[in-house]
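Inspection log for the structure reproduced underneath, given as structure tokens.
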Amino acid sequence: MPKKRKKKRGSRYHRGVYTSVKNDGKKFSYRSGWEGKYFDYLESDPDVVTYDYECIKIPYVSNKKSGRTRNYIPDFMVTRPSGIEIIEIKPTRFLKKRAIVKKLAAGHEYATSHNMTFKLLTEVELKAMSLID
């Protein structure tokens, strides 16, 4: 007889819905408090023309032996007068995981090949931007 999994009562992540003024009232469902804070930053930054959340899929090879491909979906795509940026927000404790390393490499390669900039924001950068404590 299979065991039943217990349902989680609450989540430690701060999920929510953000309504963007810069994107004509478009609503974005986010899964991280840090992402919620970054939405506030994007709305208040006069240099940001427009942005989108989890809008592109970047294929990458997850296993070289089998050739299996997966899709990496970065957090933000931001349009500025200087160009387009792909933004990923991750805690530093996850950065050594093999899957994360592959995703970030794929994001950087995609951005470079499409004349975009790839930026990784951790709690260090978010604290420096005064977005988190």
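The values are calculated or read from the model by the stated rules, or taken from the named source; none is laboratory data. Please read these numbers as outputs of a predicted model, since none were measured by experiment. As a convention, Cβ positions derive from the backbone with ideal geometry for all residues, glycine included, and neighbour counts pool all protein chains shown. These accessible areas exclude ligands, DNA and RNA; they are computed on the full protein's heavy atoms, side chains included. Shrake-Rupley method; radii C 1.70, N 1.55, O 1.52, S 1.80 Å.
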Q: Give the long-range amide H neighbours of Tyr72: residues separated by 5 or more places, or on another chain, with amide H under 5 Å away, using H modelled in the peptide plane at 1.01 Å from N.
A: Ile58, Tyr60
Q: Would you mind checking which residues have amide H under 5 Å from Ile89's amide H? H placed 1.01 Å from N; only 5 or more apart, or other chain.
A: Asp75, Leu121
**Q.** Qualifying GluC sites (Glu not before Pro) for region 26-133 [loop in DSSP, other Cβ within 10 Å: at most 15]
**A.** Glu54
**Q.** Hz values of 3J(HN,Hα) by residue in region 122-127 - Karplus curve (6.51, -1.76, 1.60), Gly and Pro given as x
**A.** 10, 4, 5, 5, 5, 5
Q: Take the alpha-carbon positions of the chain, form their convex hull, and give its projected area averaged over all directions (one quarter of the hull surface) in nm².
A: 11.4 nm²
Q: On the protein heavy atoms, probe 1.4 angstrom, tell me the percent of accessible surface of the chain carried by carbon and sulfur.
A: 51 percent
Q) Rolling a 1.4 angstrom probe over the protein heavy atoms, how many square angstrom per residue are accessible across the chain? A) 71 Å²
Q) From the phi of every residue in region 93-98, what ³J(HN,Hα) in whole Hz does the Karplus formula 6.51 cos²θ - 1.76 cosθ + 1.60 yield, where θ is phi - 60° and glycine or proline is x? A) 5, 8, 5, 9, 5, 4
Q: Please turn the phi angles of region 27-44 into ³J(HN,Hα) values with the Karplus equation 6.51 cos²θ - 1.76 cosθ + 1.60 (θ = phi - 60°), one per residue in order, whole Hz, x for glycine and proline.
A: 9, 10, 9, 10, 10, 8, x, 5, 5, x, 5, 5, 4, 4, 4, 4, 5, 8
(Q) What does DSSP give for the chain in terms of the percent of beta bridges that are antiparallel, rounded to the nearest 5? (A) 80 percent
Q. Looking at region 67-133 from every direction and averaging, what is the projected area of its Cα convex hull in nm²?
A. 5.4 nm²
Q | Evaluated over region 18-65, the Cα radius of gyration and Dmax, each in Å | A | 14.2, 47
